[in-house]
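FYI, it's all coordinate maths here, none of it is from the lab. Note that the coordinates shown come from a computational prediction; the quantities given were computed from them, not determined experimentally. Cβ placement follows ideal geometry from the backbone for every residue including glycine, while neighbour counts extend to all protein chains displayed.
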């Protein structure tokens, strides 16, 4: 069944089966690259899940041969005052905060490419499952951009500042083995076994007493601490400023 989230964009689907929900990016012809409407739909689904008492585990996935190629670089460039552009990006980047704060355990199923802002969404999940077909790429500098959606913030915390700098400043295709060895991927499986592996992980999580699972998740979040909100304010301003400079002749 599908929960109602007020979203009419079927390129981001929310499917619920029992106590498991899946948010599926559904634009396979564009490798699930997201535009503004898709981000709005994603945010609406997160709000639906935030208030759901029935769902215990949320899987984040992409249709087709990619998880998500990041933001759609073919969408029309933003116009208007820079302050308004910063406000729009900051509002969209809040999806990272909302995803990280969901009351459920979240599992990113990273099939194929995971690039740009999708790295931020994946990093915000509790667990990240990759296969030998997974490729991670921050990709921002390749596109002449500084970075958004908390990617540098998350990578610094997951990988350490040195490896995070390497991934951000030398954008390239990072394979599943390196992603697992560096600590970005929490589970690594052979190609072709990604869905089965995620299903097993989900069953294991759902077999745990709800209050214990919630308590463990809360402990992990409290142990980490957070200064993400202020960071996203500054990052959004930098990203828009760099994008503005890039658009000059």
Here the convex hull volume per residue of the stretch 151-198, taken over Cα atoms and given in Å³, is 80
Of all DSSP beta bridges located in the chain, what percent are antiparallel, nearest 5?
25
The chain: angle of helix 194-206 to the longest principal axis, Cα-based, in degrees nearest 10
60
Taking the Cα atoms only, what angle lies between the long axis of helix 210-224 and the longest principal axis of the chain, rounded to 10 degrees?
30
Where Rh is the Kirkwood radius over Cα pairs, Rg/Rh for the chain:
0.94
With r defined as the distance between the Cβ atoms of residue 212 and residue 73 and R0 fixed at 51 Å, what FRET efficiency is calculated, to the nearest 0.05?
0.70
Could you give the angle, 0 to 90 degrees to the nearest 10, between helix 36-50's Cα long axis and the longest principal axis of the Cα atoms of the chain?
30
What does the C-alpha gyration tensor say about the overall shape of the stretch 1-105? Classify as rounded when a/c is under 1.5, otherwise prolate if a/b is larger than b/c, or oblate.
oblate
Give me the Kirkwood hydrodynamic radius of the stretch 41-188, using the inverse of the mean 1/r over all pairs of distinct Cα atoms, in Å to one decimal.
15.8
Compute the Cα gyration tensor for the stretch 104-249, then decide on rounded, prolate or oblate, letting a ≥ b ≥ c be the square roots of its eigenvalues: rounded whenever a/c is under 1.5, prolate when a/b is larger than b/c in the other cases, and oblate in all that remain.
oblate
Would you mind classifying the stretch 43-116 by shape? Square roots of the alpha carbon gyration tensor eigenvalues, ordered a ≥ b ≥ c; an a/c under 1.5 is rounded, otherwise it is prolate if a/b is larger than b/c and oblate if not.
oblate
Can you give the helix-only mean residue ellipticity at 222 nm for the chain, where every DSSP H stretch with n ≥ 4 adds -39500 (n - 2.57) and the sum goes over all residues, rounded to the nearest 500 deg cm²/dmol?
-14500 deg cm²/dmol
Zone reached by a paramagnetic label modelled 7 Å from residue 245 Cα along Cα→Cβ, restricted to the stretch 130-173 with backbone N below 11 Å, covers 145-146
Taking the square root of 5λ for each eigenvalue of the C-alpha gyration tensor of the stretch 165-249, the equivalent ellipsoid has semi-axes, largest first and in whole angstrom, of 34, 23, 12
